[in-house]
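*Asks:* Input: one structure, supplied below.
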Amino acid sequence: MFNNIYVGIDDTDSQTGMCTTYITSVILDKLKSCGYNIKGYPRLIRLNPFAKFKTRGNGAVSFKINIKSENDAINIKKIVLNYIEDLSQLQDERTNPGVVFFQGKISAELERYAMKTIRDIVPLKETLALAHKIGADVYKFKNGRGIIGALAAIGCPLPDKTYELLAYRLPENYGKKRMIDYDSVRLMNEKMYPQTFDNLDNGYIAIEPHTPCPILYGIRGESPDMVLEAHNLIKTMEKIERYRVYETNQHTDMHIVKIDKIAHMKKYGCYCVRGIVDDNPHTIEGGHVIFTLKDASGKLECAAYEPTKKFRETTRKLIKGDEIIVYGGIGNKGTLNMEKFCIQNLSTLYREENPICDCGRRMKSAGKNKGFKCLKCGQKLREGTKIRLEVKRDLKKGCYEVPPSARRHLSKPLVRFT
Ligand SMILES: [Zn+2]
């Protein structure tokens, strides 16, 4: 008999509304009002950003409750499942909720499974087999794809973690413009950054989502106290229905696999790899900036996509020969979508000029491979070559990252590197 029960929930939301964290928050308040003791913080676990059938942001939720009897477990299951049935966006064909209940110890095998859902793609069959093996209780709604994330949220180890406080709107305000006092957010940022981060993005308010979901704002930070303090500094002109602090793998780079050979990288994997820039970056249609990275094992196309805005300007300053470490995920066309890069060595940039004539005037080309001639005094230089001049690079060694608006939930911001 175990005195705890884990509950994992995923895939209850749709593109147009609802949110698994909101349903979880409602459930937690109900369980509390029934006298149950919730242990620690509920967890918001982001899974592989490339999982094909992902929900918005691909996040699953879990929490742990103290139980005194098997009756408690039965009652908790009943409450959870009723709310999932009531609040899930079941009419959306892509919404396939899954709920997992588990009474037992988190094993190394369960942790490995969770890491696989974050770094790789896990089929439903594998989840069902593991759930059966460890005796987890699985509830599938529709095709039940959500149980993949639900079980992962229970088992995910958190060697590094951050916190997010989510404030929820009154249901009558869903879809309406969010009424947040932006000045209070700027003041909060002045006081709390970098203990809370991604508050602002280039002067714009970044804590506010742009979907019709129940979230009014989300504050990301290093500790529960910090996100709570920041929350208390924010003023809103609409009522907050409820709020909750989640413990999360967001902004930890948990999705990133360090790899030493480009040739070993696979589609839908997220990596950190070292290489040499093999051509000067160029801009393609749509405003995306592309270059090739190479190492002894192979070549990789890297991209700073249009939504990464100013990050593209930095990327354009790279030149052939620069040695960099890139972080990012490989999409279905085999291109690495860069989240950040760190410059290890800058190559020397040269500018070529025609030689100067004895008379002081810069010479002109006399034609291809014909040397140079002076237009002023007529002197010719048949064997002359262009002069190479070193140009100061407009780029420094160090790390560069995409702005908060383009950052993946899992991606670790540079401010968190110490
Ligand atoms: Zn001359």
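No lab work stands behind these numbers, since they all come straight from the coordinates. Because the structure is predicted, anything quoted here is derived from the model rather than measured. With ideal geometry, Cβ positions are generated from the backbone for all residues, glycine too; neighbour counts draw on all protein chains shown.
*Asks:* Add -39500 (n - 2.57) for each DSSP H run of 4 or more in the chain, then divide by its residues: what number comes out at 222 nm, to the nearest 500 deg cm²/dmol? Could you put the intermediate results ahead of the total?
*Replies:* Working: 8 runs with 91 residues, N = 418.
Estimated from H runs of four or more residues: -6500 deg cm²/dmol.
*Asks:* Shape verdict for the stretch 1-151, please, from the Cα gyration tensor: rounded (a/c under 1.5), prolate (a/b greater than b/c) or oblate. Don't jump to the answer; show the numbers that get you there.
*Replies:* Values: a/c = 1.75, a/b = 1.19, b/c = 1.47.
Oblate shape, in that a/c is at least 1.5 and b/c is the bigger or equal ratio.
*Asks:* Using the per-residue mean of other Cβ atoms lying within 10 Å as a proxy for protection, in what order, highest first, do the peptides 189-195, 172-178, 323-329 fall? Could you put the intermediate results ahead of the total?
*Replies:* Working: 189-195: 15.4, 172-178: 12.3, 323-329: 21.0.
Answer by packing, highest mean first, reads 323-329, 189-195, 172-178.
*Asks:* What are the residues whose amide H is under 5 Å from the amide H of Gly104, where those residues sit 5 or more places off or on another chain and H is modelled from the backbone?
*Replies:* Answer set, sorted by chain and number: Tyr6.
*Asks:* List every residue whose amide H lies under 5 Å from the amide H of Glu238, counting only residues 5 or more places away in sequence or on a different chain, with H placed 1.01 Å from N in the peptide plane.
*Replies:* Met179
*Asks:* What percent antiparallel are the DSSP beta bridges of the chain, to the nearest 5?
*Replies:* On the way: 82 of 88 bridges.
Bridges in the chain are about 95 percent antiparallel.
*Asks:* Which cross-chain or sequence-distant (5 or more) residues have an amide H under 5 Å from the amide H of Val257, H modelled 1.01 Å from N in plane?
*Replies:* Answer set, sorted by chain and number: Cys270, Tyr271, Cys272.
*Asks:* While we're on this one: For Glu190 and Ala296 in the same chain, what is the full-extension length gain: residue separation times 0.36 nm, less their Cα-Cα distance, in nm? Present the calculation step by step, with values, prior to reporting the outcome.
*Replies:* Values: separation 106, 0.36 × 106 = 38.16 nm, distance 4.59 nm.
Extra length available between Glu190 and Ala296 comes to 33.6 nm.
*Asks:* Separate question: Take the chain, connect every pair of alpha-carbon atoms lying under 10 Å apart with a spring to form a Gaussian network, then pick out the residue of Leu81, Leu395, Leu200 with the largest mean-square fluctuation.
*Replies:* Maximum among the listed residues: Leu395.
*Asks:* Expected output is a single nm value to one decimal: the length gained when fully extending between Ile284 and Lys261, i.e. 0.36 nm times separation in residues minus the C-alpha distance. What is it? Could you put the intermediate results ahead of the total?
*Replies:* On the way: separation 23, 0.36 × 23 = 8.28 nm, distance 2.68 nm.
Full-extension gain reported as 5.6 nm.
*Asks:* OK, next. Taking square-rooted eigenvalues a ≥ b ≥ c of the alpha carbon gyration tensor, is the stretch 349-391 rounded, prolate or oblate, where a/c under 1.5 means rounded and, failing that, a/b exceeding b/c means prolate?
*Replies:* Numbers: a/c = 2.73, a/b = 1.50, b/c = 1.82.
It comes out oblate by the Cα gyration axes.
*Asks:* OK, next. So for the stretch 162-248, averaging the separation of alpha carbon pairs under 8 Å that are six or more residues apart and normalising by length, what relative contact order in percent results? Don't jump to the answer; show the numbers that get you there.
*Replies:* Numbers: 166 pairs, mean separation 44.8, N = 87.
Computed value for the stretch 162-248: 51 percent relative contact order.
*Asks:* For Asn66 and His132, what does the FRET efficiency come to when R0 = 25 Å and r is the distance between their Cβ atoms, rounded to the nearest 0.05?
*Replies:* Details: r = 26 Å, r/R0 = 1.03.
So, using R0 = 25 Å, E works out to roughly 0.45.
*Asks:* Relative contact order of the chain: what whole-number percent is it, with Cα pairs under 8 angstrom and at least 6 residues apart?
*Replies:* Reported relative contact order: 14 percent.
*Asks:* Now for a different question. Mind checking the angle between helix 20-33 and the chain's longest principal axis? C-alpha axes, 0 to 90 degrees, to the nearest 10.
*Replies:* Helix 20-33 sits at roughly 30 degrees to that axis.
*Asks:* Sticking with this one: In a Gaussian network model over the chain where Cα atoms closer than 10 Å are linked, find which of Cys19, Cys359, Cys399 has the largest mean-square fluctuation.
*Replies:* With Cα springs under 10 Å in the chain, the top fluctuation among Cys19, Cys359, Cys399 is at Cys359.
*Asks:* Same structure, new question: Could you work out the relative contact order of the stretch 4-155? I mean the mean sequence separation of Cα pairs under 8 Å and 6+ apart, divided by the number of residues, in percent.
*Replies:* Details: 293 pairs, mean separation 56.9, N = 152.
Relative contact order of the stretch 4-155: 37 percent.
*Asks:* Are there any GluC sites (Glu not before Pro) in the stretch 279-322 that are in a DSSP loop and have at most 15 other Cβ atoms within 10 Å? List them by number. Walk me through the intermediate numbers first.
*Replies:* Working: sites: Glu285, Glu301, Glu313; in loops: Glu285.
Here the GluC sites (Glu not before Pro) that fit, given the DSSP loop and packing criteria, are Glu285.
*Asks:* Return the ratio Rg/(2.2 N^0.38 Å) for the chain, where Rg is computed over Cα atoms only. Can you show the working numbers first?
*Replies:* Values: Rg = 27.2 Å, N = 418, 2.2 N^0.38 = 21.8 Å.
Against the empirical 2.2 N^0.38 Å value, I get 1.25 for the chain.
*Asks:* Separate question: What pairs from Lys340/Lys397; Lys161/Lys340; Lys258/Lys310; Lys105/Lys412; Lys116/Lys258 go past 18 Å between their alpha carbons? Don't skip to the answer; put the middle values down first.
*Replies:* Working: Lys340/Lys397 13 Å; Lys161/Lys340 20 Å; Lys258/Lys310 26 Å; Lys105/Lys412 29 Å; Lys116/Lys258 15 Å.
Going by Cα-Cα distance, Lys161/Lys340; Lys258/Lys310; Lys105/Lys412 fall outside the 18 Å limit.
*Asks:* Another question, then. At q = 0.25 Å⁻¹, what log₁₀ I(q)/I(0) does a Debye calculation on the Cα points of the stretch 139-222 give, no solvent, two decimals?
*Replies:* Calculated log10 I(q)/I(0) at the listed q: -1.14.
*Asks:* Return the single residue from Ser365, Ser69, Ser25 with maximal mean-square fluctuation; model: Gaussian network over the chain, springs between Cα atoms under 10 Å.
*Replies:* Evaluated over the chain, the most mobile residue of the options is Ser365.
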